[in-house]
Ligand code: SF4
Ligand code: SF4
């Protein structure tokens, strides 16, 4: 698909007075490994409350958002009180973590998640100066957005669907955490990116691979979903990262690069805090993202996000790779 009449990338005031380069805060071009620094928003619940360089922009656009989006933001904030809760005193024993992982994933899907996987905590998901969450396992989940609504990116109609999905996502994580606690095991919902970085968890849990547009690409939903997680002590078998052929296509495809209004998507991998990976220019993307209440052009124009296309794409790309390696052997 192509974006419908995207707003030009003109940032009336906030961008012009940008506080400090978000790329610098993110460690773009730095080869030393270190944890991420919060830059755009943070609840400070992780013990890392500190002035954030871009917090004013986040607050400003929340306040200026459309009534529909603002209402969804308020409802999501209200739901946060349910992220944690009491644990049942009778503990269900877990003899078989594989069977328990299957059961928990089925529950997450029944609640509305489209993709689910399990991992242990990874350092890339943590912010510096935050306390490490005291749980061993992470259930990472993606909730699909309504593709018909998302075809209107970056118009308010699509923005409303983004906000609705964030709230649905939060509800699914809350309900899954409550379900695990009812089994007698500690569990807490983390349904936003403010205390944990969701993408590294999703990659480690095998939900998909990182695309050039900086989002996770899954075989079944492309990038047309939003992430949440539940952290728990419940013993679960962990999943492995997957290779569905994303890099093979991103290396030659430029769809998202061409369609991103502020030109934020870089064609080559970048060194970021000691890891070479796809990277989106924060200073260009975030003001546009905030101005359009979630943008999402790059994830919707991506061929993987076309309904029903991912499995075929993956099969074709992996087959081509195998043929290529046969030739060189
Ligand atoms: S649009 Fe193309 S380059 Fe961008 S993430 Fe999707 S496949 Fe990769
Ligand atoms: S979300 Fe950011 S990177 Fe993606 S198209 Fe919009 S401005 Fe570009």
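Please treat every number below as a calculation from the coordinates, not as lab data. Since this is a predicted model, take the numbers as computed values, not measurements. Ideal geometry is used to build each Cβ from the backbone, glycine not excepted, and the neighbour counts take in all protein chains shown.
Relative protection proxy for 29-38, 239-248, 281-290, from highest mean packing down: 281-290, 239-248, 29-38 (other beta-carbon atoms within 10 angstrom). Using a simple spin-label model with pseudo-atoms 7 Å out from Cα toward Cβ, residue 258 and residue 5 lie 2.3 nm apart. So what's the gap between the Cα centers of the range 150-185 and the range 212-275, to the nearest angstrom? Going from one Cα centre to the other spans 19 Å. Per-residue Cβ neighbour counts within 10 Å put 221, 41, 213 in the sequence 41, 221, 213, beginning with the fewest.
In the range 136-243, Cα pairs under 8 Å separated by at least six residues give a relative contact order of 39 percent. Mean-square fluctuations from a GNM of the chain, with a 10 angstrom spring cutoff on Cα atoms, peak among 226, 171, 80 at 80.
Among 278, 304, 78, the order by Cβ neighbours within 10 angstrom, fewest to most, reads 78, 278, 304.
Which whole-number percent is the relative contact order of the range 22-328 (Cα, under 8 Å, 6+ apart)? Can you show the working numbers first?
Numbers: 613 pairs, mean separation 72.3, N = 307.
Relative contact order here is 24 percent.
Its convex hull of Cα atoms gives the range 58-177 a direction-averaged projected area, equal to a quarter of the hull surface, of 9.7 nm².
Placing a label point 7 Å from the Cα of residue 35 along the Cα-to-Cβ direction, the residues of the range 249-281 whose backbone N falls under 17 Å of that point are 273-274. For the chain, the Cα-based Rg and Dmax, in that order, read 19.6, 61 Å. The helix-based estimate of mean residue ellipticity at 222 nm for the chain, built from -39,500 (n - 2.57) per DSSP H run of four or more residues and divided by its residue count, is -11500 deg cm²/dmol to the nearest 500. Extending 7 Å from Cα along the Cβ direction at residue 56 and again at residue 80 yields two label points whose distance is 2.1 nm.
Packing around the peptides 133-145, 107-119, taken as the average count of other Cβ atoms within 10 Å per residue, puts them in this order, highest first: 133-145, 107-119.
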